[in-house]
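Below is one structure, written out as structure tokens; comments come after it.
Read-outs: derived from the displayed coordinates by stated rules, not from any lab. Since the structure is predicted, the reported quantities are computational estimates derived from the model, not experimental observations. Every residue, glycine among them, receives a Cβ derived from its backbone with ideal geometry; neighbour counts consider all protein chains shown.
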Amino acid sequence: MSKAMKTAKGKPDFGNAAGQPAGPATGAGVIPLSPAPALPSLAAWPPWQSERARFLHRLCTDIEARVQAGEPVRRAVRRCARRWHGRPFRCAPERFLRLSKQRLANLFYEWRKNPAPEVFRLRYQADTTKADAALVAALVSASLAPGVTSFLAAYRTLQGQAAGRAGAFPGCSTLLRQLPRTQRRSIRELHRQRLAARRALLKLERELGGPASAPSRAAVEAQGGRRRVKLPRNILVGRAALGARLNCTEDEVLRRVKLGKIPFAFDLRRPGRRQLILRVWPGGLSHRSAPALPDMAGVFRELFPGKGKTLTLRQITRAFSISPWHARHLASGANGLRAEPRPRRQGRGSDLHFSRAALLRWLTRRALRIQA
């Protein structure tokens with residue numbers, strides 16, 4: 001931008017009401033600013049928007065002058081955006097000019113089609129539509145209906161009922177603005193309580209083996225189908241995935257493990273915890289009718305293929321289907337599984353490495369072999 005756009009104090013000069021520059025450009029190597037055309041009336045605009053339009057008009061005029069002198073468009077746009085981005089407006093110091101390189105380039109190409117300040121008028125308009133009181137009352141009634149847990153769900157129900165209504169249907173935000181704040185808070189608190197009650201009910205059903213748990217095999221076969229979940233063979237899966245595969249609940253999976261019907265199940269609970277964390281090798285399910293099952297060493301080779309003497313923390317988390325935080329707790333030493341830190345090949349820090357022999361001994365101790 002030329003020196004004509006700055007005042008003596010170094011602040012940007014946004015021009016007078018007519019949009020004319022403050023003075024002629026002086027100095028060697030400075031491209032003179034072409035006189036801006038007369039601006040139309042901007043009295044209907046907010047003051048800061050009209051000031052923005054005048055300034056962007058003169059800014060694009062200056063960029064055009066630089067381009068005509070041989071400077072590339074991108075370089076001129078980048079220089080102006082870097083210089084004037086974040087500057088406050090004179091009529092509204094709390095507002096700042098947001099002007100990125102791409103934004104200014106788009107505005108400049110749009111200004112070239114019609115070099116006038118009207119091009120920079122902001123398109124957004126505040127939604128001041130007043131909703132009908134009957135619609136607001138209908139939204140409140142739909143929000144208080146049993147089973148509704150959000151204003152959006154109630155609004156969609158109301159919108160579906162008014163499909164044949166003449167005229168434009170107001171938005172959900174427009175309807176909510178007509179409600180008092182205290183009433184909105186009360187209804188939202190009711191929705192939160194309903195969601196909490198629903199979560200508690202689902203949790204109770206899962207614990208009791210009710211509808212939230214996996215359906216029984218007889219129920220699935222009665223519906224004419226059989227739910228089958230494909231399980232990977234070379235990792236340890238949890239009770240939920242195995243229950244979905246066998247069409248039974250998680251408690252039924254544990255009962256079958258204790259009876260010996262599901263071999264190669266392991267307890268991976270963290271040190272000091274009472275809750276059982278069960279992981280099962282799915283490969284044993286395909287050997288239920290075989291005369292002999294593979295031994296623990298064979299299962300270990302399938303879980304951890306390769307010939308390396310040590311295993312990394314990432315291999316442990318993948319094979320056991322646990323998080324790295326869980327694996328680090330298992331490797332704390334209190335649970336019998338020890339690891340040695342080694343520097344990483346890339347980046348900083350260290351990674352945990354486990355001996356294959358030690359891990360096989362630890363996994364053998366954690367195996368659940370409770371026979372009936």
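Hey, which aspartates and glutamates would be in cross-link range of Lys261, C-alpha to C-alpha under 12 Å, not counting anything within fewer than 8 residues on its own chain?
Glu252
Counting other beta carbons within 10 Å of each residue's own, what order do Glu340, Glu252 fall into, fewest first?
Ascending Cβ contact count within 10 Å gives the list Glu340, Glu252.
Take Leu259, Leu363 and order them by how many other Cβ atoms sit within 10 Å, fewest up front.
Leu259, Leu363
Mind jotting down the three principal axis lengths of region 55-139 based on Cα atoms? Whole angstrom, largest first.
Principal axes ranked by extent give 64, 30, 20 Å for the Cα atoms.
Cut-off is 10 Å between beta-carbons; in what order do Cys91, Cys80 appear when sorted fewest neighbours first?
With the fewest neighbours first, Cys91, Cys80 line up as Cys91, Cys80.
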